[in-house]
1. What order, most packed first, do the peptides 405-414, 321-330, 156-165 have when packing is the mean number of other Cβ atoms within 10 Å of each residue?
2. Starting from the alpha-carbon convex hull of region 6-221, give the projected area averaged over all orientations, in nm².
3. If you count, for each residue, the other Cβ atoms within 10 Å and average over each peptide, how do 497-506, 357-366 line up from highest to lowest?
4. With a/c under 1.5 counting as rounded, go ahead and sort region 185-225 into rounded, prolate or oblate using the C-alpha gyration tensor (a ≥ b ≥ c being the square roots of the eigenvalues; past the cut-off, prolate if a/b is larger than b/c, else oblate).
5. What net charge do the residues around GLY440 carry, taking every other residue with its C-beta under 13 Å from that of GLY440, with Lys and Arg at +1 and Asp and Glu at -1?
6. Looking at the chain, send over the antiparallel percent of its DSSP beta bridges, to the nearest 5.
7. Non-local amide H neighbours of ALA225 (under 5 Å, H modeled in plane, Pro and chain starts lacking H): which ones?
8. Got a sec? How would PHE460, PHE232 order by Cβ neighbour count within 10 Å, fewest to most?
Amino acid sequence: MYLVNARQMREMDRFAIEKIGIPSIVLMETAGQAVAQEVEQRYPQARLVVIAGHGNNGGDAFVLSRHLQNRGFAVNTWLVGSEEKMTADTAIAYRALVQSRVHVQKLTPKSWNLFCRELSGADVIIDGLVGTGIKGSLREEAARVVMEINKRKDRAAIVSVDIPSGINADNGVISSVAVSADLTVTFACPRWGHFLFPGAGHCGRLIVRDIGIPAWVGEELGIKARLLQDEFISTLIPKRARHSHKGSYGHVLVIAGSQSYVGAPALTALGAIRSGAGMVTLALPESIQSMVVGLTPEAVYWPWADKAGSFAPHSWEALRATNQPRYDCVVVGPGLGHEVDIDWLKQVIDRTSGPLLLDADALNLLGQDLTLTENRMPVILTPHPGEIARIMKMTVQEVEENRQQIAVKFARQHRVYLVLKGTYSIIATPQGTCFVSPRGSSSLAKGGSGDVLSGMIASFINQTGDVLAGLQCAVYVHGMAGELMDEYSGGASDLGLWIGQALQALAQKDRDNHTL
Ligand SMILES: NC(=O)C1=CN([C@@H]2O[C@H](COP(=O)(O)OP(=O)(O)OC[C@H]3O[C@@H](n4cnc5c(N)ncnc54)[C@H](O)[C@@H]3O)[C@@H](O)[C@H]2O)[C@@H](O)CC1
Ligand SMILES: Nc1ncnc2c1ncn2[C@@H]1O[C@H](COP(=O)(O)OP(=O)(O)O)[C@@H](O)[C@H]1O
Ligand SMILES: [K+]
């Protein structure tokens, strides 16, 4: 499913109207009807207050008000704005509502108290004040209305049309206030503002409804961002064959760990093993090997020269041995600590082959010289916002406010695959496309979850035989596993169990899709 900004959504609309010939009023009617259906299904017999602005977001609200009234709901509809400023379609939707003998009240200083009383009597408040057309921060009257809506949050369900009013659909920024919705019903495809914070935190449950715009329009318009979904990921999950052996599922090499971070390599190995890797070799500083073995008996161990609990400067020479097996994907970084230097990393990069994933401390080293991976492909970087901020010499806040742009630009410029972790994780490719995973939970906001993810990525790259497919599977399944795990008690080392459950659920979905 495509993920768009406000301009791209307008282009999609225009394409549907001008090139396909769907009248704009039909799009509005379908959008309004879709929200009405969602409300009817979820809140039967609720007393409703519908709030409409004079833009097209308000037009959708007028349509849904008419349909819900016809369905027998008690609806009070308020216009916040003026009839003169209505768009052509909104004016049509407004006339149809009035001519259906529905009374629409206009918010004025005189009617303010009545408006507040009606809000207090509502079971459901529907917010059609402003949608993707917002400019800057909400004007005073709209901001006051939003604050009144939010005051009823405990007593009424709040449903936003398209996007909660006050959120910038391009970047999730809230300039002053925004509606805090329980349910948001959007149309055709989601907007970036639904997945970027702080706006994303105001959407509640997000429903995307088809309004008749064909999916291929996104491709026609060259939209490069997509939201990952169960249906798509379930087709990527590697199948297990009865007639197979450990070599069938790839060999992951993890070069990681130090005395202070004994668990990190074990968690990376766990991520790989619990997501189906055939073989995992752990290259560790010699002195910590005996401790890690107890944590991961499935791995093969490769002790490298040690200096005070970290990799010794020349430990990479282990890679010189001519009889070393071929590794299908190499992960470098988890728990390396600060003792290894950039020359060590350079040697490791130059002397290994196949897909290379740099995580954690390897990313900090890479920040000193971004040309290190220039001659190596494919390279995967998995920074959290703090790591990419260090690499790019920005603040974490700057990163968080520009997640999409930073991920896409960095991946393109340095020709790497980049996973910008966090809520919600973004996968960006060297070709400039990007994918957002809606999956995840605060159960993952704990040390070690990222180590598990790097192992999962390597394992899925090997099993799918494709870097992008491997990344998509790993990020998505990791997030799903987090959702299944208890938010409080689940730790990174418990993820293994939930990875299995997530994979089973996706595999079942794939089977269902192939059953007539
Ligand atoms: N394909 C789609 O997604 C469709 C979208 N439609 C709706 O159309 C909406 C976009 O319509 P518009 O482009 O008319 O824009 P909106 O209705 O979202 O916003 C523009 C209106 O909001 C007011 N406004 C803008 N900034 C404001 C601020 N800071 N404070 C207070 N008021 C402000 C403007 O004066 C104008 O009246 C979508 O959000 C959606 O609800 C539907 O009508 C049909 C199809
Ligand atoms: N609140 C959250 N919601 C969704 N995913 C989260 C959340 N917190 C953390 N994660 C995910 O957990 C992982 C944490 O990685 P990272 O910060 O590198 O941890 P560590 O280095 O301790 O292993 C990332 O994949 C991130 O996207
Ligand atoms: K809205």
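Where a number appears in this text, it was derived from the coordinates with a stated rule and is not lab data. A quick note: this is a predicted structure, and the numbers were derived from the prediction, not measured. Reconstructed Cβ throughout: ideal geometry from the backbone, glycine too, with neighbour counts over all protein chains shown.
1. Details: 405-414: 18.1, 321-330: 14.6, 156-165: 27.3.
Averaged packing, sorted descending, gives the order 156-165, 405-414, 321-330.
2. Numbers: hull surface 43.5 nm².
Over all viewing directions, region 6-221 projects a mean Cα-hull area of 10.9 nm².
3. Numbers: 497-506: 18.4, 357-366: 25.2.
Descending packing order for the listed peptides: 357-366, 497-506.
4. Details: a/c = 4.76, a/b = 1.61, b/c = 2.95.
Verdict is oblate for region 185-225.
5. Working: positive: LYS421, ARG439, LYS446; negative: GLU483, GLU487.
Here the charged neighbours net out to +1.
6. Numbers: 11 of 63 bridges.
Given both bridge residues lie in the chain, the antiparallel proportion sits at roughly 15 percent.
7. So ALA225 has HN proximity to LEU3, CYS434.
8. Details: PHE460 32, PHE232 14.
In increasing order of surrounding Cβ atoms, one gets PHE232, PHE460.
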